[in-house]
1. What stretch of the chain, leaving out the sites themselves, is the longest with no GluC sites (Glu not before Pro) in a DSSP loop having at most 14 other Cβ atoms within 10 Å?
2. For the stretch 255-296, what is Rg from Cα atoms divided by 2.2 N^0.38 Å, rounded to two decimals?
3. Taking the Cα centre of the chain as the origin and placing charges on Cβ (Lys, Arg +1; Asp, Glu -1), which of Thr353, Val189, Gln440 is farthest toward the positive end of the dipole?
4. For the chain, with the dipole built from +1 on Lys and Arg beta-carbon atoms and -1 on Asp and Glu ones, taken about the Cα centre, which of Ile119, Ile209, Ile52 lies farthest toward the positive end?
5. What are the extents of the Cα atoms of the chain along their three principal axes, listed from largest to smallest and rounded to whole Å?
6. With viscosity set to 1.306 mPa s and temperature to 10 °C, compute the Stokes-Einstein D of the stretch 296-404, Rh being the Kirkwood radius across alpha carbon pairs; µm²/s, no decimals.
7. Where Rh is the Kirkwood radius over the Cα pairs of the stretch 215-291, the temperature 4 °C and the viscosity 1.567 mPa s, what D in µm²/s does Stokes-Einstein return?
8. Which value, in Å³ per residue, describes the convex hull spanned by the Cα atoms of the stretch 28-231?
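Laboratory data are not the source of any read-out in this text; all were calculated from the coordinates shown. Since the model is a prediction, treat every value here as computed from it, not as a measurement. Neighbour counts are summed over all protein chains in view; Cβ atoms, including those assigned to glycine, are modelled from backbone coordinates with ideal geometry.
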Amino acid sequence: MKILNQVTSTSTPGTVKDGGGFRRAVKTWPLRGFFALVDQGLISGSNFIVAILLARWVSAQQYGAYALAFEVLLFMSIVYAALILEPMCVFGPSTYKNDFRAYLGVLLRIHCGLSVLVIAAVLAGAAVLHSLKPGSSLPDALVGVGVACPSLLLFWLARRGFYVHLLPKKAALGACAYSATVLAGVTVVYKAHSLNPFTVFLVMAAGAIVTGPPMLRWFKSHMPLLPGRRIRVKDVMRQHWIYGRWALASATVIWLSGAIYYPALGSFFNLAETGRFKALMNLASPIGQAYVALSLLSLPYASQVHHEEGNATVGRLVWKLTGLYLGGSALYWLILILARGPVVQHLYGGKYTQVIAFLPWVAVGSVLRIGATAQANVLRAMRSPALVFVAYSAACVVAILIGVPFTRWFGLRGALFAWVLSGAASFVGAFYMIRRRARQPEVQVEFAPSSLVLQEEPSMTTK
């Protein structure tokens, strides 16, 4: 409660009210960046810890159900981030700067409508799966997603609202409260011998309910409500759709290129095989999350460089960022592979030791995907979101045309082989799109954002 009281406190250190405060605002950027990274790290870290604990404490079948249901939650978050959160970060501090409270109220009404659709769709899917596979753990896990998704999305809406007002410290405090609630809840459920995918999603929902509403109340008490102005839901929905459609397209193909293997393994084999794939992907999560956080800084840097110097510096910029991303991820994987036996043994408590031999394949695919992320950031900086979509569409095509049949024929080995090929396709595709865009004349192109999506968990952050 102490943390939540700090979130709802009356101080607003990040607000710059006068024009002469610009230099003071600039000086606070390093501190703001630090709190942004703390916020991202707390949410991603708690998800990672929950995934590891669940892998240790439940059966492979149940863990596979959790992995597949979590991908459904991730897809919902991608759609929500593209159509609600990212446009809010553009229209909130500009079009609705002086009436943000009313604008947030409209977004909350849209959120309620989307929540009804999400709950209905997920529960209907769970009912169908229950009729087809009565003894499966997946329907219960999907019910948990349906219950948790609205509250989790509301929590992310509140967090992103603080970023609109350049207050990442408050978002980080909320993330701290959420992470503490979730980790404590998982421990309590485990001690009560009730831990399963369904209860884990309920614990996540509890964490979001504890933190989300108090964070939203801050806006009600600190944002003025202008009399006489009426913001129509239809207008906001139209603005968000026009702005977020390319972000949604790009995020969807990025997600699909890595997520398609979960349902494929579960359909062709069993949920235990899906759990093994998730156990491997968990080891790629820390470095992926680190570079998602780094992209919060590298994307503005690349945008500034391209704005000031144009296409002439694109080649140098690409090599700098790609080298940074490839080098760091390769170093991470070198250390992990050298100690892969003890690491897997310790993390999973002696379970999933059969996946140790596959770690070099995961390393190659992870490095390629992280390198593609660097190049995609350059394309975003060049204001070419459509080319990001094209580059990752190549990876998505490989995942569908090669990944699905290879998974059916060769199981986990085939899925990993196709996952590596898909990462290579995204890397080559992004590189080719940059070269093509750099040869074009300097013109203003339509801009739309693109999510910073993880290989397996983006976002929960989004991004």
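1. Maximal segment without exposed cleavage sites: 1-441.
2. 1.37
3. Highest projection toward the positive end goes to Gln440.
4. Ile209
5. The Cα atoms of the chain stretch 61, 55, 39 Å along their principal axes.
6. 99 µm²/s
7. Value of D from the Cα-based Kirkwood radius: 76 µm²/s.
8. That works out to 112 Å³ per residue.
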